[in-house]
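What follows is calculated from the coordinates using simple rules that are stated; it is not laboratory data. Nothing here was measured: the structure is a model prediction, and the numbers come from that model. Don't worry about glycine lacking a Cβ; one is built from the backbone with ideal geometry, like all the others, and counts go over all protein chains shown.
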Amino acid sequence: MPQERRQNQYTGKKTGGAGSRSGQIRSVRQLALEAMTAVMDNGEYCDKVLHRILEQQTGLDRRDRAFLMRLVEGTIERCVEIDYVIDRYSKLPVAKQKPMVRQILRLAVYQIMYMDQVPDSAACNEAVRLACTNHLIPLKGFVNGVLRNVVRFHEDTPYPKAKENLVRHLSVWYSMPEWIVTRFMEQYGPQQTEAILRSFLDEERGISLRCNLSRASKEDIVASLRKQGVTVEEGRLFPNALRIRDYGRLNELEAFEKGWVQVQDESSLIVGEAAPVNEDSVVIDVCAAPGGKSIHIADKMHGEGLIRACDLTKEKVTLIRQNLIRTGFHNVKLKKHDAMEFIPEWEETADVVVADLPCSGLGVIGHKADIKYKTKPEDIRALAVQQRKILKNVYRYLKPGGTLLYSTCTIAPEENEEQAAWIAEKLPLEPVMLKTLLPESVLGECAEKGYLQVLPDLAGGDGFFLAAFRRKEQA
């Protein structure tokens, strides 16, 4: 692998090391192995697994937490490339290895290739130690041999050439399953596809915050963040958005603790910004967790009116409630509810229905890398069917003349443009030109269309889709 790529890919973001605290780091590597097993072998979600581990391991200091998160998230993000490298230097292909051996090798190779502060010898030795402590002593020689080969030769690993097989090249280089690369190529062509894939690996984008301007001014929010040493940048799409880096633990920030800000990717702000509400409006958010869009609209309504926020499970409703308590909005009423079930007493009561529906998530791979391994091609069609079932119910909550905001965090046409066309054809709704709801600076080429597709590379964040419809007046 070219040395320049290793150095440039994660400039300034190296964390963790080995040496003076090797005993503690070893335990962190064991936690990383358990996390990888849970995510890659058992199908759990990375963010939930890491949250659970960090909640349980209260003795981990900030450095250990950073090491653990970087190691697990980075290994998952780079897994396609890592497997390619392992296959080059292992007599036994990754697909045929014991699951735990596979995860031990993946974690070690990530440290060798992408964590320069971890000595190669430490990455190898600790991987062998993991094999021994996890009842894999007969395979410690295999683990050691593969990793020593990677250390010696990985800088010169021959990657698939773009001229010979562009899909394979992009798949390995940007660590993306081939079926997703092929799909993006068919939709967007090679240049745009590479830009999207590159954006997914951009570690410099930080996280996006939306300012609750009914709680504090943007100036006070920025001043508070900078006072705590946070690097703050303006958002790219909306003036009430910020990007932050170098922030440590989010819940230790004054602006977050006081409810002045909400973690929300900037591209998803298009829903709340487009919502045509006032202080008397009734809004129903049918798949609301974690609550960012409901809280955005509540802020826009200055805490007045009524927002009904629903989601499927107690866990999701609890997450919304926690955000509401922190931000202090009291005009949002919560309900645990399956959006595929119609609620008769809500019929024709809403001025706005927000339908940010379950989707394939292909737009959020940049910060939820495990999605690219969990999602399968057949899932997209199944999700499109599920979305239509929900839409057939929830449009009925609209008053005549009310507005449906349909959104997803994917960039799959079956769930986006094709779904918008289906809504206009099959439901008693008419498309609303988004230029009546959003500034043209945000819409760009979509200004004359009835929908907005934000691509990850253009927003500097997630991919996101929005279409708006108005319920036809009764004759």
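If you count, for each residue, the other Cβ atoms within 10 Å and average over each peptide, how do 270-278, 332-340 line up from highest to lowest? Walk me through the numbers before you get to the answer.
Values: 270-278: 20.7, 332-340: 16.8.
The packing order, highest mean first, is 270-278, 332-340.
How many nm separate the modelled label positions at Asp41 and Thr318, each set 7 Å beyond the Cα in the direction of the Cβ?
Roughly 2.7 nm, to one decimal.
Counting only Cα, what are the radius of gyration and maximum Cα-Cα distance Dmax of the chain, in Å?
23.7, 78
At 7 Å along the Cα-to-beta-carbon direction for both Lys392 and Ala421, put a label point, then send me their distance in nm to one decimal.
2.1 nm
What is the dipole size for the chain, taken about its Cα centre, with +1 at each Lys and Arg Cβ and -1 at each Asp and Glu Cβ, in debye to the nearest 20? Walk me through the numbers on the way to the answer.
Working: 66 positive and 65 negative charges, 335 e Å.
Computed charge dipole of the chain: roughly 1600 debye.
Using Cα pairs under 8 angstrom and six or more residues apart, how large is the relative contact order of segment 291-438, in percent?
Details: 182 pairs, mean separation 34.7, N = 148.
Normalised by residue count, the contact order of segment 291-438 is 23 percent.
At 0.36 nm per residue, minus the direct Cα-Cα distance, what do Glu219 and Tyr373 gain on full extension? Give it in nm, one decimal, please.
Values: separation 154, 0.36 × 154 = 55.44 nm, distance 4.09 nm.
Extra length available between Glu219 and Tyr373 comes to 51.3 nm.
Under the rule of -39500 (n - 2.57) per DSSP H run of 4 or more residues, summed and divided by the residues of the chain, what mean residue ellipticity at 222 nm is obtained, to the nearest 500 deg cm²/dmol?
Numbers: 20 runs with 218 residues, N = 475.
Counting only the DSSP helices, I get -14000 deg cm²/dmol.
Place +1 on the Cβ of every Lys and Arg and -1 on the Cβ of every Asp and Glu in the chain, take the dipole about the Cα centre, and give the residue among Leu452, Met100, Phe256 whose Cα lies farthest towards its positive end.
Result: Met100, furthest along the dipole toward the positive end.
How big is the shadow of the Cα convex hull of segment 192-232, averaged over all directions, in nm²? Write down the numbers at each step before the final one.
On the way: hull surface 16.0 nm².
With the hull built on Cα positions only, its mean projection is 4.0 nm².
Near Lys399, which lysines are there with a Cα under 17 Å away, not counting those fewer than 8 places off in the same chain?
List returned: Lys472.
Which whole-number percent gives the relative contact order of segment 203-263, counting Cα pairs below 8 Å spaced six or more residues apart?
Working: 89 pairs, mean separation 27.7, N = 61.
RCO, segment 203-263: 45 percent.
State, as an integer percentage, the relative contact order of segment 372-433 based on alpha-carbon contacts under 8 Å between residues 6 or more apart. Walk me through the numbers before you get to the answer.
On the way: 22 pairs, mean separation 20.9, N = 62.
Reported as a whole number, the value is 34 percent.
Please list, short to long, the whole-number percent of alpha-carbon pairs of segment 203-263 in consecutive 5 angstrom bins beginning at zero.
4, 20, 36, 27, 11, 1, 0
Rank Ala421, Asn125, Pro431 by how far each Cα sits towards the positive end of the charge dipole of the chain (+1 on Lys, Arg Cβ; -1 on Asp, Glu Cβ) and give me just the farthest.
Asn125
Can you list the trypsin sites (Lys or Arg not before Pro) in segment 51-155 that are in a DSSP coil and have 12 or fewer other beta carbons within 10 angstrom?
Working: sites: Arg52, Arg62, Arg63, Arg65, Arg70, Arg78, Arg88, Lys91, Lys96, Arg102, Arg106, Arg129, Lys140, Arg148, Arg152; in loops: Arg78, Lys91.
Hits after loop and neighbour filter: Lys91.
Looking at the square roots a ≥ b ≥ c of the eigenvalues of the Cα gyration tensor of segment 287-348, which shape do they give, rounded for a/c under 1.5, prolate if a/b is larger than b/c, or oblate?
Values: a/c = 2.38, a/b = 1.28, b/c = 1.87.
In terms of gyration-tensor shape, oblate.
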